[in-house]
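Take a look at the structure set out below.
The values are calculated or read from the model by the stated rules, or taken from the named source; none is laboratory data. In this text the structure is predicted, and so the values were computed from the model without any measurement. All Cβ positions, glycine included, derive from the backbone under ideal geometry; neighbour counts span all protein chains shown. All accessible areas refer to the heavy atoms of the entire protein, side chains included, with ligands and DNA or RNA removed. Shrake-Rupley method; radii C 1.70, N 1.55, O 1.52, S 1.80 Å.
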Amino acid sequence: MKKVIVFGASNSKVSINQQLAMYAGSKLTDVRVESLNLNDFEMPIYGMDREVENGIPEQATAFSELLGTADGFIVSFAEHNGAYSTAFKNIFDWVSRINPKMWNNKPVVLMATSPGARGGQTVLDIAKGRMPYHGATVVGSFSVPSFGENFKENKIINKSLDAELDIIIQDFIKAL
Ligand SMILES: Cc1cc2nc3c(=O)[nH]c(=O)nc-3n(C[C@H](O)[C@H](O)[C@H](O)COP(=O)(O)O)c2cc1C
């Protein structure tokens, strides 16, 4: 059975992006879905001096190896000041030193949500532009604006948004 890793690119314990990524993962059929929590991979802030002096932290190696076990990924990015959360960027920078193609040329759905009307579109655009250089075969991207209005009781309640996600998930399943 194919394995898909899903996670919110946030270290919040109540991450709305984690909730959205898990919901998207719940739409997969005949697939093993494994969720990640970025808090399990907390490590020093990336710095070249630290890398030279202490090497690459074991959490980065563990993260990289875990990505290597997956046939595809669903990632929802938290937007902090128009960019990746620091928690994700730190892992991303460390892991890029081990395997710059960290998504291993596998299919990836990129998502974002925020409480605001733009729904994390700025960080989503950054990820769409960048992740193909890191081995992501991007099969779809999806944003949920105004999370509090459109997502309730662990699901998207806006019918047209949910239908849009269904189409992306079908494309993703075909690409696995
Ligand atoms: C430091 C900081 C910066 C933020 N910047 C943005 C932003 O640029 N755009 C946005 O839509 N929301 C922004 N937010 C609100 C986040 O979208 C909101 O906290 C959201 O819950 C983050 O996703 P998460 O719950 O998955 O961590 C910011 C929040 C914080 C704490």
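Taking the chain as the region of interest, the number of lysine pairs whose Cα atoms are within less than 21 Å, with members eight or more places apart or on different chains, is 23. Per-peptide packing, taken as the mean over residues of other Cβ atoms within 10 Å, places 21-30, 166-175 in the sequence 21-30, 166-175 from highest down. Of the beta bridges in the stretch 2-175, as assigned by DSSP with both residues counted there, near 15 percent are antiparallel. Using a probe of 1.4 angstrom and keeping all protein chains present, the accessible surface of the stretch 31-162 works out to 50 square angstrom per residue. Look at the dipole of the chain built from charges on Cβ: of Val108, Phe77, Val6, the Cα furthest out on the positive end belongs to Val108. Backbone N atoms of the stretch 80-118 closer than 15 Å to the 7 Å Cα→Cβ label point of Asn54 belong to residues 90-91, 94-95. Please label the shape of the stretch 71-113 as rounded, prolate or oblate, based on the square roots a ≥ b ≥ c of the eigenvalues of the alpha-carbon gyration tensor (a/c under 1.5 means rounded; beyond that, a/b larger than b/c means prolate, else oblate). It comes out oblate by the Cα gyration axes.
Between Asp125 and Lys174, the contour length at 0.36 nm per residue exceeds the alpha carbon distance by 15.3 nm. The stretch between Asn81 and Ala163 holds 26.6 nm of extra length on full extension. This uses 0.36 nm per residue minus the Cα-Cα distance. Against the chain, whose longest principal axis comes from its Cα atoms, helix 16-26 is set at around 70 degrees. Multiplying each eigenvalue of the alpha-carbon gyration tensor of the chain by 5 and taking the square root yields semi-axes of 26, 18, 14 Å, largest first, rounded to whole angstroms. In percent, how large is the relative contact order of the chain, given Cα pairs closer than 8 Å and 6 or more residues apart? For the chain, the relative contact order is 23 percent.
Please determine, in degrees from 0 to 90 and to the nearest 10, the orientation of helix 86-98 with respect to the longest principal axis defined by the Cα atoms of the chain, where the helix direction is its Cα long axis. Once rounded, the angle reads 60 degrees. Helical content of the chain, expressed as a calculated mean residue ellipticity at 222 nm, amounts to -12000 deg cm²/dmol (DSSP H runs of 4 or more residues, -39,500 (n - 2.57) each, divided by residue number, nearest 500).
Taking packing as the residue-averaged number of other Cβ atoms within 10 angstrom, the listed peptides 154-160, 34-40 run from highest to lowest as 34-40, 154-160. Using a probe radius of 1.4 angstrom, the carbon and sulfur fraction of the accessible surface of the chain is 50%. Compared with the dominant Cα axis of the chain, that is its longest principal axis, helix 58-67 is turned about 40°. Peptides 51-62, 93-104, 120-131 ranked from most to least packed, by the mean per-residue count of other Cβ atoms within 10 Å: 120-131, 93-104, 51-62. Taking the Cα centre of the chain as reference, the dipole from Cβ charges on Lys and Arg (+1) and Asp and Glu (-1) amounts to some 360 debye.
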